[in-house]
1. Near D30, within a Cβ-to-Cβ distance under 11 Å, what is the net charge of the other residues, with Lys and Arg +1 and Asp and Glu -1?
2. Largest first and to the nearest Å, give the Cα extent of the range 1-115 along each principal axis.
3. For S4, what residues show an amide H to amide H distance below 5 Å, using hydrogens built from the backbone and excluding near sequence neighbours?
4. Once amide H atoms are placed 1.01 Å from N in the peptide plane, what residues at a sequence separation of 5 or more from T49, or on another chain, have their amide H within under 5 Å of its amide H?
5. Using every alpha carbon pair in the chain, what percent of pairs falls into each 10 Å bin from 0 up to the bin containing the largest distance?
6. Measure nothing fancy, just the Cα-based angle from helix 59-76's long axis to the longest principal axis of the chain, in degrees from 0 to 90, nearest 10.
7. What's the local net charge at H79, with K and R +1, D and E -1, over the other residues with C-beta under 11 Å away?
8. When only DSSP loop residues count, what GluC sites (Glu not before Pro) in the range 137-223 have their Cβ near at most 14 other Cβ atoms within 10 Å?
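What follows is calculated from the coordinates using simple rules that are stated; it is not laboratory data. On a predicted model such as this, the values are computed, not experimentally measured, just so you know. A quick note on method: Cβ atoms are made from the backbone with ideal geometry, for glycine too, and the neighbour counts reach across all protein chains shown.
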Amino acid sequence: MKKSVGVDVDGVLAKYDGWKGVDHFGDPIDGAVEFTKRLGEYFDVVIFTTRCNEEMNKPEKANLLRNRVVAWLNRHGFHYDEVYIGQGKPIVAALIDDRAVSCRPQDAFNSRRHFDYVFREVCKLAFERTAWQALTFDEFQSETDKLAIYREGIKKLAPLDSTLGKLLCLNYAITGLVNEAGEVSGKLKKLIRDDHGELTEERRAQMLDELGDVAWYLSQCCMELGSEFSTVAGKNLLKLHSRLERGKLKGDGDNR
């Protein structure tokens, strides 16, 4: 007997760019049909949606929604064994959902680090669809500093306002920056090795995600050095514009 897996519709199988009503389904995401067929070779595929509200929970309304989901799946050739319509999620061996974060601390080597990871992933999901595009450098820095939980660990080693404490905080931020920059480089390596140089949407999203982590650590480096992020960015632009005006953009040396 196959085990069951639950697969969400919006954001997993169908493109989602905001709620447009219970009747609206986005176009299938590239590769989604093949994904369900591959799952079907090993699992019973349960398609689910959380589009239900108080009105849709009435039996006649729920059946109407189910028929619409089934029609959309059939029209595009998705594989499925069952369609679940109702409050909550279906009882399955695994859930595939664009808004889910796996949290299994009892299986982790270090549960505290695992909770740190889960916290970061929750923040990414919670904030990605808000108006962060309008953030200034300093607003971004203020938000990142609220998530600087590394200081809690450092406080156990030395007071944060001590010479050692300040050094450890700066060390953590710079080491994190270097590490995340390496993660970006690693995605480029895999683009060449695994994707044969083709920048897929998945790889592009991965690289942008890593660049977000680079920005976080860069912001914290500025914070630990006692500078506003905007000041560092502004000084960089002034320097480069000066070099442009003097014909010094090319060449070697920091002081050209």
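1. Values: positive: K15; negative: D27, E34, E201, E202.
Local net charge: -3.
2. Cα spread of the range 1-115 along its principal axes, largest to smallest: 47, 33, 31 Å.
3. D44, A93
4. When sequence neighbours closer than 5 places are left aside, the close amide H contacts are Y84, G86.
5. 6, 19, 26, 23, 15, 8, 2, 0
6. 70 degrees
7. Working: positive: K37, R38; negative: E34, E41, D44, D81.
My count for the surroundings of H79 gives -2.
8. E198
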